[in-house]
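Visitor: Take a look at this one; I'll ask things after.
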Amino acid sequence: MIAFVKGFVSAYGADYVVIENNGIGYQIAYPHTDEVHLNEELSVYTYMHVTENDVALFGFASTEEKELFMRLISVKGIGPKTVMTMLATQGYDRIIQAIETSDVKSLKKLPGIGEKSASQIVLDLKGKLVATSVNTSNNKMDYSQEILDAIEGLKNLGYKQSELSHIASIMNESPNLTTEEYLRIGLSHLSK
């Protein structure tokens with residue numbers, strides 16, 4: 001599986017981006033093409049979707065966005081293209097807010113989502129997602145890659161996103177550290 005692709009944007013369209021990396025162009029479905037510019041460096045977290053007739057890469061600005069995508073496609077009747085349209089039109093924070101507040105009305109306004117699907121999304125995912133400002137596409141640049149990697153490492157250790165939401169800002173008070181040093185800071189604050 002391809003976990004992420006980092007390279008230069010060689011082309012993009014309404015719902016995809018082509019990233020050139022070592023002479024290979026990866027066409028990736030991407031919900032944030034309005035933020036993309038030709039020849040800029042871009043790092044995209046990816047999910048490879050394989051079916052009988054197709055292999056497709058879906059790309060995300062953050063690991064949280066990818067995780068939301070994974071949870072949404074696990075809901076019966078919701079496919080990856082529908083989720084990409086949801087992310088492109090509503091964005092990460094609004095989708096989570098609609099799920100957490102049981103706002104079926106907002107969800108069913110999204111393309112490809114009817115009342116039954118919207119209700120199923122809320123039923124399956126409410127309480128399992130927490131909106132956070134850490135690592136969303138809107139303010140991803142506020143934190144260094146080392147901080148983002150440390151937060152991801154803490155999540156892999158079993159800490160919940162709700163526990164980590166304030167840790168990134170604490171880490172950000174100490175600039176230019178390594179991922180391991182940020183991990184130590186996070187662990188020391190979480191163990192208090």
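Visitor: Say we look at segment 51-86 and pick out the residues that are among the polar types (S, T, N, Q) and farther than 20 Å from Val18 by Cα; which of these is surrounded by the fewest Cβ atoms within 10 Å (Cβ to Cβ)?
Guide: Among them, the one singled out is Asn53.
Visitor: Can you find even one residue in segment 170-183 that is under 26 Å from Gln90 (Cβ atoms), of a type in the set (D, E, K, R) and at pLDDT below 85?
Guide: No, the conditions are met nowhere in segment 170-183.
Visitor: Taking the criterion of being touching a residue at least 12 places away in the same chain (Cβ under 8 Å), buried (at least 20 other Cβ atoms within 10 Å of the Cβ), more than 17 Å from Ala3 (Cβ to Cβ) and aliphatic (A, V, I, L, M), would at least one residue in segment 87-95 satisfy it?
Guide: yes
Visitor: Now, a different point. Checking Ser74 against (1) without any contact (Cβ under 8 Å) to a residue 40 or more places away in the chain; (2) polar (S, T, N, Q); (3) in contact with a helix residue (DSSP H, G or I) (Cβ under 8 Å, 6 or more places away or on another chain), only one condition comes out false. Which one?
Guide: (1)
Visitor: Moving on. For residues in segment 120-132 being exposed (fewer than 15 other Cβ atoms within 10 Å of the Cβ), assigned to a loop (DSSP other than H, G, I, E, B) and not basic (Lys, Arg), which is modelled with the highest pLDDT?
Guide: In this case the residue turns out to be Gly127.
Visitor: For segment 96-108, how many residues meet the condition of being crowded, with 16+ Cβ neighbours inside 10 Å and in contact with an Asp or Glu (Cβ under 8 Å, 6 or more places away or on another chain)?
Guide: Qualifying residue count, segment 96-108: 2.
Visitor: Looking at the structure I just gave you, is Arg71 under 19 Å from Leu107 (Cα atoms), at pLDDT 90 or above and not in a strand (DSSP E or B)?
Guide: Yes: the conditions hold for Arg71.
Visitor: Let me ask something else about it. Determine which member of the set Ala98, Ala150 is within 26 Å of Lys76 (Cβ to Cβ), of a type in the set (Gly, Ala, Ser) and modelled with pLDDT of 80 or more.
Guide: Ala98 is the lone residue from the list that is within 26 Å of Lys76 (Cβ to Cβ), of a type in the set (Gly, Ala, Ser) and modelled with pLDDT of 80 or more.
Visitor: Looking only at segment 1-33, filter to residues that are under 12 Å from Met84 (Cα atoms) and among the β-branched types (Val, Ile, Thr); which one of those is surrounded by the fewest Cβ atoms within 10 Å (Cβ to Cβ)?
Guide: Applying the filter and picking the extreme gives Thr33.
The values are calculated or read from the model by the stated rules, or taken from the named source; none is laboratory data. Predicted, not measured: the structure shown is a model, and the values here were computed from it. As a convention, Cβ positions derive from the backbone with ideal geometry for all residues, glycine included, and neighbour counts pool all protein chains shown.
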